[in-house]
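What follows draws every value from the coordinates through simple rules; no lab data is involved. For clarity, every value in this text was computed on a predicted model and none was experimentally measured. For neighbour counting, all protein chains shown are included, and Cβ atoms are generated from backbone atoms with ideal geometry for every residue, glycine included.
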Amino acid sequence: MASNKSLVPDAKDALNRFKMEAASEVGVNLKQGYNGDLTSKQAGSVGGQMVKKMIKAYEDGMK
């Protein structure tokens, strides 16, 4: 069964900042708290941007 509990509680704030930064980069206006009014396309673009940035950071760390 999946859990929403964070393994590193301090990471929650950092992940929220990361999500807001990614949303800003793709032009999606996120607000603090509930964002259920987003379309699937908007939510997907935020998640996709986050993944792109994580992959780039990993690749840069390998160099």
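At a glance:
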| quantity | calculated |
| --- | --- |
| Least to most buried among Val26, Val46, Val51 (fewest other Cβ within 10 Å first) | Val51, Val26, Val46 |
| The chain, helix-only ellipticity at 222 nm - DSSP H runs n ≥ 4, -39,500 (n - 2.57), divided by all residues, nearest 500 | -21000 deg cm²/dmol |
| The range 22-39 - phi-based ³J(HN,Hα) in whole Hz, Karplus 6.51/-1.76/1.60, Gly and Pro as x | 4, 4, 4, 5, 9, x, 9, 8, 8, 10, 5, x, 5, 10, x, 7, 6, 6 |
| Pairs of lysines in the chain (C-alpha under 22 Å apart; 8 or more residues apart or interchain) | 18 |
| Rounded to whole Hz, the Karplus (6.51, -1.76, 1.60) HN-Hα couplings of the range 13-21, x for glycine and proline | 5, 5, 5, 5, 5, 4, 5, 5, 5 |
| Kirkwood Rh in Å, taken over all unlike Cα pairs in the chain | 13.1 |
